[in-house]
1. Could you check, for the stretch 49-58, whether at least one of its residues is of a type in the set (Val, Ile, Thr), in contact with a Phe, Trp or Tyr (Cβ under 8 Å, 6 or more places away or on another chain) and part of a strand (DSSP E or B)?
2. Scan the stretch 66-91 for residues that are among the charged types (D, E, K, R) and either assigned to a loop (DSSP other than H, G, I, E, B) or modelled with pLDDT under 65 (or both) and jot them down.
3. Being under 16 Å from Trp68 (Cα atoms), modelled with pLDDT of 95 or more and surrounded by fewer than 12 Cβ atoms within 10 Å (Cβ to Cβ) is the filter here, so list the residues in the stretch 8-43 that pass it.
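The values are calculated or read from the model by the stated rules, or taken from the named source; none is laboratory data. Please read all numbers here as calculations on a predicted model, not as lab measurements. In this analysis, Cβ positions are derived from the backbone assuming ideal geometry, glycine residues included, and neighbour counts consider all displayed protein chains.
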Amino acid sequence: MSEKRAVARRRVLKAAKIEFTGRAIDCTVGNLSKLGAALNVASPVGIPDEFALIIPSDGARTACRVVWRKPDQIGVRFQLGTRTLVNQAALKKAIDG
């Protein structure tokens, strides 16, 4: 199977939170690139199409849009053009490890 992503993702295992409308759901970042990530979740039910992804260990917070869903994973694309949600330096730190 060939890779369809524009940018290769790097495998990571980082605790994170999906934040939306005053709620936060725990998740784990399974892989990460400068354009998006795969998030491991207990269930994708109730997670909206757009939310903020927070990676506390790196101080990263970025707006995301869901591009695919599986029973225990969601794939997201970072919305890098959005206002103040993106901390570029922290996101780069999360990607680079």
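1. Of the stretch 49-58, the ones of a type in the set (Val, Ile, Thr) are 54-55.
Checking which are in contact with a Phe, Trp or Tyr (Cβ under 8 Å, 6 or more places away or on another chain) leaves us with none.
No, the stretch 49-58 contains no residue that is of a type in the set (Val, Ile, Thr), in contact with a Phe, Trp or Tyr (Cβ under 8 Å, 6 or more places away or on another chain) and part of a strand (DSSP E or B).
2. Pass one, the stretch 66-91, residues among the charged types (D, E, K, R): 69-70, 72, 77, 83.
Result: Asp72, Arg83.
3. Once the filter is applied, which keeps residues that are under 16 Å from Trp68 (Cα atoms), modelled with pLDDT of 95 or more and surrounded by fewer than 12 Cβ atoms within 10 Å (Cβ to Cβ), the stretch 8-43 yields only Ala42.
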